[in-house]
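Below: one structure, written as structure tokens.
Taken together, the values in this text are just the output of simple stated rules run on the coordinates, not laboratory data. Quick caveat: nothing in here was measured; it's all calculated off a predicted structure. Cβ sites come from the backbone with ideal geometry, for glycine too, and all protein chains shown count toward neighbours.
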Amino acid sequence: MNGLRWYLLRRLVLLLFVTAAVLTILFVMFKLLPGNPLSVFIDSNFSEEMIRRQKQLWGLDAPLWLQYVRYMWNMLTFSFGTSFFQMTPVRDIVIEKLLHTAAMIVPAVVLSVVLGALLGSWLGWRRGSRQEGAVVVGLLALRSVPSFFVGIIVLMVFSYNLGWFPPGGMVSIGGQGDSFLETILSLDFLHHLILPCLVLMTREITSPALLLRSTMLEVKGSDFLDILRAKGLPERRIVMHATRNALLPLVTDVAVMMGFLFQGQVLLEIIFAWPGVGRELVAALNDLDYPVAQACFFVMALIILLFNFVADVLYAFIDPRVALS
Amino acid sequence: MTSAHPVAERGGTAGRGIFSRVAHALRVIVRYPTGAIGLFLLALFVIVALIGPLIAPYGPFDVVRTPQGGVARLVPPGSVALLGTTNQGSDVLSQLLYGTRVALLVGVIAAVGSVVLGTMIGLVSGYAGGKVDEAIMRFTDVAFGIPFLPFALIVISVAGASLPLVILLVTLFLWRTTSRVIRAQVLTLKTRPFVWAARAAGASESRILFVHIAPNVLPLSFLYMAIGVQGGVMLEAALSFLGFGDPNVMSWGGMLNQSFRAGAMRSAWWWVIPPGVALSLFVISVFMVTRAYEELLNPRMREA
């Protein structure tokens, strides 16, 4: 247990270190790169005095180290300031967009994992057959097609040509519920969700399927299956027993996948006009709304780091050998 | 790692053997049907990238005229333009041909750059061990903590879009995986007997690293270079699609961006499908080649 505790502590320190480093890079980026965020806000009609006062307001007259300390404090306490253009607290904007993104990702991940696991256990069981080889290559090839092009094709076919699904957005105009929960529980939302969810799944189903296929092979050789077989259980029941044992490594895979998707879905959010955090980042950059862009970037990075941390921790619990090495 | 030992035993001749080893790898890849098809497609892409601008009927931004002299806007594929025209009256086929060069340029430069960087970092980190290794690995952890696409979008929006910047950003994204894989490989290699033998014979540390160990990780580096070309092309397309590519060149992603914004999904399929198909076909052909090459490197995959 001591080794496990030590391992968790190390991982936690690493998480804090990397978060601080990423924040510092973000700070340096905005300070050093050519192009001045202030110039977006400040009109050429501003007098020297107005510019000075604006700088003071934003703390830009302070020495660099003090700006850095304030910036780190603000970021870590999620005080992102006010949007240049929407004039609302950035925190509120980001939280809302994050929920929207999650509303697309979570169902896609859950479905990918469930269907991927089923497919993978079937593949592992049918190891060496012709179907198995074809499905594996098909999955890998499908994953290598850029998902934003898949999204475009799907939209062209099912939305513009067949008219089965809306051409984007999260709900119809006026379809917004009173609360977030009410919105995502509506049929209208489901109707909008299906296409982007399917496109995400074409990518994300591969890794659980392949993972389960290989773990299944290990489990397949173990003794307890022979005992079940000797008991006379039908093959179908034996596959179920084997699958349950092969599921554990999947847990960490899901955590990594979730984290990655929070940044990877930017393109899909643009194509499906999904009002998520990635689309907000692109919009903020186009509007030069730097406080919003900074916050979007930070929460995306933070989510990836947190999910990776969770994956490491879960892995240590599932396979204690990791913590000891 | 079938070729590990012969190379190591020949020691300093590793540099000379590179071409024959590449030729050997190509022969093995061609033996797999997928590898042969992939290689054929890739060769086509390379040829188009080289001579595309020569055979393109127009420049990427030229305006095509109808026989009556008007601007040929959104003309479907036919006699005016083989693959139709855009809403600005540009020739889709010409943009596609020019775009191939842009894609390969970004992919190849970024892949080579990132693999050189990643291999060097992985070699030093794995071989040095101790504090150096620890420092480099934490640095890699930080690099892995940065979400690439958002990061690239911010840098480009602040510094201005240009092709060299895109290449630089893609390189900075791709080296991370290479360095981790190479480091892991070096960790196992440095405990092999041929390394002890070299040390016992009085070889210096840098000689052991660059003459004895490095040639043995090169096959892996090549694999990651191929994967890197694929990644580079995809990332450039993604950035351009989001409108953050170099506005002065026309890439596949840039074509998709313009057709997407012009609503061509609704009305002009010939403007949307070609760049998307070219991109997908390129990515899949690299995938087919790397898969065959991986089986060459890892015989266990073959019997699996």
20 °C / 1.002 mPa s Stokes-Einstein diffusion coefficient of the protein assembly as shown, Kirkwood radius on C-alpha pairs, µm²/s: 79
Using a 10 Å cut-off on Cβ to Cβ distances, tally the other chain neighbours for every residue of A:304-316 and report the average as a whole number. 1
For the range A:136-215 and the range B:161-217, distance of Cα centres in Å: 41
How much mean residue ellipticity at 222 nm does chain B get from its helices, if each DSSP H run of length 4 or more adds -39500 (n - 2.57) and you divide by all residues, to the nearest 500 deg cm²/dmol? -24000 deg cm²/dmol
Between A:VAL28 and A:GLU132, Cβ-based FRET efficiency (R0 56 Å, step 0.05) works out to 0.65
Between the Cα axis of helix B:214-241 and the main Cα principal axis of chain B, the angle (0 to 90°, nearest 10) is 20
Approximate shape of the range A:106-159 as ellipsoid semi-axes (Cα gyration tensor, √5λ), whole Å, largest first: 25, 15, 9
Pop the C-beta distance of B:ASP62 and A:ALA273 into the FRET formula with R0 = 25 Å and round what comes out to the nearest 0.05. 0.20
Inter-part distance where the range B:105-144 and the range A:282-302 are each reduced to a Cα centre, Å: 28
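Shielding of B:154-161 by partners, i.e. mean partner chain Cβ atoms within 10 Å per residue? Numbers along the way, then the final one.
Values: counts 12, 2, 1, 10, 12, 5, 3, 0.
Neighbouring Cβ atoms belonging to other protein chains average 6 per residue here.
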Quick query: amide H of B:VAL64 versus all other amide H atoms, modeled in the peptide plane; which residues come in under 5 Å with a sequence gap of 5 or more or a different chain? B:ALA72, B:SER90, B:ASP91
Students often forget the sequence filter, so: which lysines lie under 19 Å Cα-Cα from A:LYS55 once same-chain residues fewer than 8 apart are removed? A:LYS31
Straight-distance crosslink candidates among lysines, where the alpha carbon sits under 23 Å from A:LYS220 and sequence neighbours closer than 8 are dropped: A:LYS231
What shape does the range A:135-180 take by its C-alpha gyration tensor, where a ≥ b ≥ c are the square roots of the eigenvalues and a/c under 1.5 counts as rounded, a/b above b/c as prolate, and the rest as oblate? prolate
With Cα atoms, 0 to 90° folded angle of helix A:277-286 axis to chain A main axis: 30
Report P(r) for chain B: all Cα-Cα distances, bin width 10 Å, range 0 to the bin holding the largest distance, values in whole percent. 6, 23, 28, 22, 13, 6, 2, 0, 0
By count of other Cβ within 10 Å, fewest leading, how are A:ASP92, A:ASP287 ordered? A:ASP92, A:ASP287
Among B:ALA49, B:ILE154, B:ALA237, the residue whose Cα sits farthest towards the positive end of the charge dipole of the protein assembly as shown, when +1 is placed on the Cβ of each Lys and Arg and -1 on the Cβ of each Asp and Glu, is B:ALA49
Dipole magnitude (debye, nearest 20) for the range B:160-211, charges at Cβ of Lys, Arg, Asp, Glu: 180
C-alpha long axis of helix A:48-57 to longest principal axis of chain A, angle in °: 40
Between B:THR188 and B:LEU44, what is the spin-label point distance in nm, taking each point 7 Å from the Cα along the Cα→C-beta axis? 3.7
Cα-based Rg / Dmax (Å) for the range B:172-279: 22.3, 72
Efficiency of FRET between B:ARG199 and A:GLN67 - r from beta-carbon atoms, R0 35 angstrom, step 0.05: 0.10
HN-Hα J in Hz across the range A:110-124 - Karplus 6.51, -1.76, 1.60, θ = phi - 60°, x for Gly and Pro: 4, 5, 4, 5, 5, 5, x, 5, 4, 4, x, 5, 5, 4, x
Mind checking B:238-245 for the average number of partner chain beta-carbons within 10 Å of each residue's beta-carbon? 4
Cα-based Rg / Dmax (Å) for chain A: 24.4, 89
Would you mind checking the radius of gyration and Dmax of the range B:103-161 based on alpha-carbon positions, in Å? 14.6, 40
Of the residues B:PRO219, B:PRO77, B:PRO274, which exhibits the maximal mean-square fluctuation in a Gaussian network model of chain B defined by a 10 Å Cα contact cut-off? B:PRO77
Scan around A:THR82 for amide H atoms under 5 Å from its own, H built in the peptide plane at 1.01 Å from N, and keep only partners 5 or more places away or cross-chain. A:VAL90
When the charge dipole of the range A:91-318 is computed with +1 on Lys and Arg Cβ and -1 on Asp and Glu Cβ about the Cα centre, the Cα farthest towards its positive end, among A:GLN265, A:VAL135, A:SER207, belongs to A:VAL135
